[in-house]
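Contents: one structure, followed by commentary.
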Amino acid sequence: MDSTPRIPLNELGKEELLAFFVSHLNRIYCAKSQLVEKLPELSRQAHYLDLTQAIYETVEVVQFQIQRIKQMYILLDSIYHSENCNGLIGLLDEAFQAIGPNSNKAALRDLSILFYLQNIESIEMASFGMLMTVSEKLGEPSVTQLLQECYDEAQEDRVLLRQITERYV
């Protein structure tokens, strides 16, 4: 019988959890900054008004989320340090590439955009959910609340994007 435990038994100390948290918060901040920069460009590729408006609303939500993330840094007595967020940047780049083959069909182009935006929202929900778990363990209820607000917005955006998608198919 294998003697390897199935799960770690609270091996991580507060300092390690905090370092993990801040590192991943840095990645989220980096990704959110990229979204604010690239989503308006993506909205110009969208054809139908509902999708264009949803993208602009998403940009506004992301800007509020960035402000909450800045509040988290203050609450944790930390500062942003540049981290790699190539995964999300790659996902955004893929969205632009996927539009290319469908550029002549507005509905297909918009469906491609919706596909990637829903993927991004799912990643955000997973990221915020994971960090909420860590912030609870760190005993940071204010940070957890800010993360919950971000999570709820990502979930609302995902529902909206799904509703828009259903109108296309």
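In table form, for the structure just shown:
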item	result
Ranked order, 158, 68, 6 - accessible area, probe 1.4 Å, largest first	6, 158, 68
Rounded to whole Hz, the Karplus (6.51, -1.76, 1.60) HN-Hα couplings of region 17-23, x for glycine and proline	5, 5, 4, 4, 4, 5, 4
Exposure of residue 56 as accessible area (Å², to 10), given a probe of 1.4 Å and all protein chains	110 Å²
Selection of GluC sites (Glu not before Pro), region 82-169, meeting DSSP coil and at most 16 other Cβ within 10 Å	83
In Hz, Karplus ³J(HN,Hα) per residue of region 151-168 (6.51, -1.76, 1.60; θ = phi - 60°; x = Gly, Pro)	4, 4, 5, 4, 5, 4, 4, 5, 4, 4, 5, 5, 4, 5, 4, 4, 6, 7
Rounded accessible area of residue 38 (nearest 10 Å², 1.4 Å probe)	40 Å²
Per-residue SASA entry for residue 91, accessible area with 1.4 Å probe, Å² rounded to 10	30 Å²
Solvent-accessible area, 1.4 Å probe, carbon plus sulfur percent, for region 1-121	53 percent
Solvent-accessible area per residue for region 1-116 (1.4 angstrom probe, square angstrom)	62 Å²
Segment residue 165-residue 19, length gained on full extension (0.36 nm per residue, minus Cα span)	48.7 nm
Label corresponding to mean projected area of the Cα convex hull in nm² when calculated from the structure given, among (i) 11.5; (ii) 18.4; (iii) 12.2	(iii)
0 to 90° range, to nearest 10: angle between helix 106-138 axis and the chain longest Cα axis	10 degrees
Label point distance in nm, residue 50-residue 105, each placed 7 Å from Cα along Cα→Cβ	1.8 nm
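The values are calculated or read from the model by the stated rules, or taken from the named source; none is laboratory data. The structure presented is a predicted model; accordingly, all values stated were derived computationally and were not measured. Glycine also receives a Cβ, built like all others from the backbone with ideal geometry; neighbour counts cover every protein chain displayed. For the accessible areas, the whole protein counts, side chains as well, though only heavy atoms, and no ligand, DNA or RNA atoms are used. Shrake-Rupley method; radii C 1.70, N 1.55, O 1.52, S 1.80 Å.
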